[in-house]
Structures are given as structure tokens and as C-alpha cells.
1. Considering only residues that are over 19 Å from the mean Cα position of the chain (by Cα) and among the basic types (K, R), which ones fall in segment A:37-89?
2. Consider segment A:315-341. How many of its residues are at the interface with chain B (Cβ under 9 Å from one of its Cβ atoms) and within 23 Å of A:F407 (Cα to Cα)?
3. In contact with a strand residue (DSSP E or B) (Cβ under 7 Å, 6 or more places away or on another chain), closer than 21 Å to A:E10 by Cα and either in contact (Cβ under 8 Å) with a residue 24 or more places away in the chain or among the small types (G, A, S) (or both): is that true of A:F421 in this structure?
4. Quick check on my filter: what residues within segment A:364-378 are assigned to a helix (DSSP H, G or I), more than 9 Å from chain B (Cβ to nearest Cβ) and surrounded by 18 or more Cβ atoms within 10 Å (Cβ to Cβ)?
5. State whether one or more residues within segment A:154-164 are within 14 Å of chain B (Cβ to nearest Cβ), touching a residue at least 60 places away in the same chain (Cβ under 8 Å), assigned to a loop (DSSP other than H, G, I, E, B) and among the hydrophobic types (A, V, I, L, M, F, W, C).
6. Look through segment B:4-24, keep the residues that are facing chain A (nearest Cβ under 7 Å) and not in a helix (DSSP H, G or I), and return whichever of them is nearest to A:Q336 (Cα to Cα).
Amino acid sequence: MSTDILTIAEAAALISAGKLSPVELTEACLARVKVFEPELHAFVTLTEERARADARRAEAEIRASGPKSPLHGIPIGLKDIIDTKGILTTCQSAHNIGNVPGKDAASAAALDAAGTVLMGKLTTHEFADGGPSFDLPWPPARNPWDTQRFTAGSSSGTGAAVAAGLVLGGLGTDTGGSIRGPAALCGIVGLKPTYGLVSRAGVAPAAYSLDHIGPMAWTTEDCALMLQALAGHDPADPASADRPVPDYTAGLAKGAKGLKIGVLQRWHESDRPVAPAVQAGIDAAIAAYRSLGAEVVEIKLSALQEYTAAGFFIATVERGAAYERMMLKNPEKFGQRYRDRLVFAALCTGMDYVQALRRRRELIAEMTAAMAGVDVVLTAGNPDEAPPIDQVPRWDNLDKPNFTMAFNLTGMPAICVPSGFGPNGLPVSIQLAARPFGEAVLLQAAHAFEKATPWRQRRPAMLGLAEAA
Amino acid sequence: MSETISVEAFRLLLDRAGIRVKPESFEDMRNAYTLLQAMRERVRTSRGYDAEPAHIFTPADR
């Protein structure tokens, strides 16, 4: 691990042993914020006083009766579309300047109940879509590996803040890849859970039937620890699943022996050919899984374009429905990128939407059948390293298929895990996905790959840290 | 790939939807509308009329 920045699991062990104070840990994060935030723009709102108060309270509680969870006293951040009681929640939009919710989102409340320290609200694309935008009241986040590069989005601030150690973990949301994209480009781990596993209540919608809330952290183990606090039934979310929550860390040490890994070769080799560094990461993952005792087979599905077309069409219409009133009344308050995407929603018909939903059912059936014979599937997380932030195509994801939307469309859990670095020294990633509610095996497979590779030893150069042995 | 929609037809679609587009965005959006058209075509497969939508999304084993 990095010599200076702890993972959640490392910090939790030290806190539990009385060797680290949550106050000390929080001050270390705040000190990094002071140095790096002016370049990174990871925060919309830094809740410095709240963080110090949370840390002092955690310290007193732990001293009195021990930690109530592995997250007790851990500094975290929340994407700024997640409601926080008494704290500005902007959705990065001029429409929400001054919006201070009276209640925490269910996911924010769950992390608070676990004892986390809230460092602040993290940068996003406007209403979680369309960025990077330079015409909003707040600037876009910058990638800590190279601040001239894109973080991906829309959980851009969470990706940047975790990679730079400003927080130890954070929440993102994912409608077509908004957790996994920033995880891939910022060199961290991002988990989109199964649709319905984590409550969406109190989170601004991007597209109702595709929205997911999930953890972003330095390691797979940290994501598992966060998911443990987040998963569970919530009647306030009409899509919430009512089913038992397993122990997500219990299987992490099992390794990959006996797992069956399906490779979605067509997607990253011909439907959208990936950069050599990304392909090398996939090849390394296949080799690692084989050497760990897993069976690797090829899985065949319809073209990636089929999944992304249905997904982005549904997302376009559902986004339009959510923000129709704002669009008709005050379109000038939106940034141009988001506003122009909303226009497309108004140009779709009811029949278009139902046809996309019919296609969705067919594709869910296809993927469900294909995944029945394997434990997890493997493909790319992102096709290449991070592009320059000023060269991100305006219609990104509409003109070329991405690798993440397919699992929003089918609701299946998916995770991006770092798989190396490209020629520009920027991180690349693999993506793994599993059957609905298969998070335990998904995390097991991701953890096994992570432990078999050295990619968690290196932090962004801007932090000035020595690479851990 | 679909053909680019004509200026007149695109303006009509916008008017019908009651949407105002900044003049500097118009041409870019008219060209990008081709991408939406391509998605529109992709989601229409040769299925029978009894093919149901995923109107209530339910993961297989919820």
C-alpha cells in the first residue's frame, strides 16, 4: 500500500487497535485538501467544521465502546446529487444554487449511521450527465494523475478525491457508467451494485430505471466495507429489493480458484476496440485468473452497440421527464452540454421509449442466459486512458458505445478495478460483472485480481509519495 | 447510419416540442440528431407484437 495514505481497511484496523485517532486521520485528509483542492476541484462544498465535529464524536464513541463498524471515524465524501440535511446540495447546477435539503438521502444516512466523517460534497456533471462543462457555477474536477486530463463522470469529484487521498472513500452514482468511468480513469475501484440493492431515496434522478448508488474507494475491500453499510431494503425507494444482505467481506480471501470467468471478447476487440494498454490489462487478468485456478471461457452476446443504444435512449427520455419543467421554464440556467442533451429527450416519442423498453427485455434475457454458466464476466472499463479535459467529445457515449451502460440496462452488478497504466502514465482498468445480487462473488473475483497485481501500490505523482514496496 | 435531418424538419421538431435552441448550437444538434436516429433504429427489432417491454424492471431473482 501507499506509504502515506491509508485504505479504509488499514485505517479501521489502526483505529480499532487504538493506534490511530479519527481526529488525526481527518486532519491528515483536510491537510491534503488544502494543498491539492485548488488544482483538483473535487469539492463543491467542503464541510470542514462538520468533519472535525464528526471526527471528535467518533473518537469519543470509540473510546467509550469501540468502533460500531469498520467505517467508524473514516473520512468520506458524497457526490453532490446526494441530499444532505442542512448542507448545500447543488447537483452542480445553477438551478440548485441555495438548495439545502431538510433530510439526508438514505445512502448518506446509512454512512452517517456507520460512523463516517463527512468531509463534504463532491463535484459531478450537472445533474449527473453531460460534462465536463466549463459554464457552470463550479469548475469540473481534474484528474490527479494529470490535471489536464478528464476524470470521466459524472462522479468526477469522488474519483479525484479518492485517488488523491482527500477522502478514503466516497459515494458515486451510476446511470450509464458514472461510478465505473471515473474509477477507471482515476485509478481507483468503483462498484455499481445490483439495481435495487442500495436505496436511491434522496438522490437526484438521472434516469429512474438506470440509476444506481455505489461505493468508490482505493481497493475492492474498501468498496465491500462501504457496501455493507449501504445495502438493504428501503421502502422509500420503490425499486428497493427486499432480501437478506450477505457479508460482503467474508469471501474476499477465497481467491479465484474454482471460479468461472466469461470474457466478452467481442465487445472490447471488435465492437469498440480498446487501446493496447487496456487490452494488455485484460490479457493480464485472464492470465492471472488462470494462474489462480479459475476457468476462463469466451462469452458471446449481441453487439455492445445494441446494449448502449437501448440504455442511452431510455436514459435520454427518463432524464427529460425528470427535468422537463426546468427545461421549459428556465432552460438558460442549465449549462450548454446538459441543456442540449435535454433537448433530445423532447424529440423522442412515447413509441420510441416503449420500443427501447421492449429491446431492454430482450437484452436482459440474453445476458441472463449467457451469465448463467459463469460466475463473472470480464471486459474493459474504459477504452483508453483519460483524454485531455478540453477534448472530450460533446456527444460522448452517443457516438460510440461505452462498456458500462450494458450493466445499467440489465441491472447487474459491475466493478472497475485498475489493471495497469498506459503510455501517458495514466491508469487503465478492467470491468467485471456478475448476476443480479452477485456482489459477493464479484468482489471476490475483483479482490483476487487486485491482490495478484501491483497496481494498488502507486498513487498520483502530484502527491509526492514514494511507491510502496 | 441515418441521414442528417433537414434544417426545416429539425426546426419543426423543436417547435412542436416547444424547445428553444441557441442559434450557435443548432447545426451541431441537427448533426447529432443522427445519433439519436441511429439509436431509435437499433431498438426496433423484428419481434412480434407480443414482445413485452421491461415495464416493471425486476432482476431475475429479486
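The values are calculated or read from the model by the stated rules, or taken from the named source; none is laboratory data. The model shown is predicted, which means the values in this text are computed figures rather than measured ones. Here the Cβ is made from the backbone with ideal geometry for all residues, glycine too, and neighbour counts use every protein chain on show.
1. A:R50, A:R52, A:R56, A:R57, A:R63, A:K68, A:K85
2. Total satisfying the criteria: 1.
3. no
4. A:M367, A:M371
5. Here is the first cut: in segment A:154-164, the ones within 14 Å of chain B (Cβ to nearest Cβ) are none.
No, because not a single residue in segment A:154-164 is within 14 Å of chain B (Cβ to nearest Cβ), touching a residue at least 60 places away in the same chain (Cβ under 8 Å), assigned to a loop (DSSP other than H, G, I, E, B) and among the hydrophobic types (A, V, I, L, M, F, W, C).
6. At the first step, the residues of segment B:4-24 found to be facing chain A (nearest Cβ under 7 Å) are B:13, B:17-21.
With the extra rule that they be not in a helix (DSSP H, G or I), the set shrinks to B:18-21.
On the way: B:G18: 18, B:I19: 14, B:R20: 12, B:V21: 10 Å.
Once the filter is applied, the top-ranked residue is B:V21.
Yes or no, residue by residue, for (1) away from chain B (no Cβ under 14 Å); (2) free of Cβ contacts under 8 Å to residues at least 12 places away in the same chain; (3) within 19 Å of A:A434 (Cα to Cα); (4) part of a loop (DSSP other than H, G, I, E, B):
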{"site": "A:L185", "(1), (2), (3), (4)": "yes, no, no, no"}
{"site": "A:R200", "(1), (2), (3), (4)": "no, no, no, yes"}
{"site": "A:Y208", "(1), (2), (3), (4)": "no, no, no, yes"}
{"site": "A:I213", "(1), (2), (3), (4)": "yes, no, yes, no"}
{"site": "A:D222", "(1), (2), (3), (4)": "yes, no, yes, no"}
{"site": "A:L225", "(1), (2), (3), (4)": "yes, no, yes, no"}
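Yes or no, residue by residue, for (1) surrounded by 24 or more Cβ atoms within 10 Å (Cβ to Cβ); (2) not hydrophobic (A, V, I, L, M, F, W, C):
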{"residue": "A:A386", "(1), (2)": "yes, no"}
{"residue": "A:P393", "(1), (2)": "no, yes"}
{"residue": "A:A414", "(1), (2)": "yes, no"}
{"residue": "A:L432", "(1), (2)": "yes, no"}
{"residue": "A:R435", "(1), (2)": "no, yes"}
{"residue": "A:L465", "(1), (2)": "no, no"}
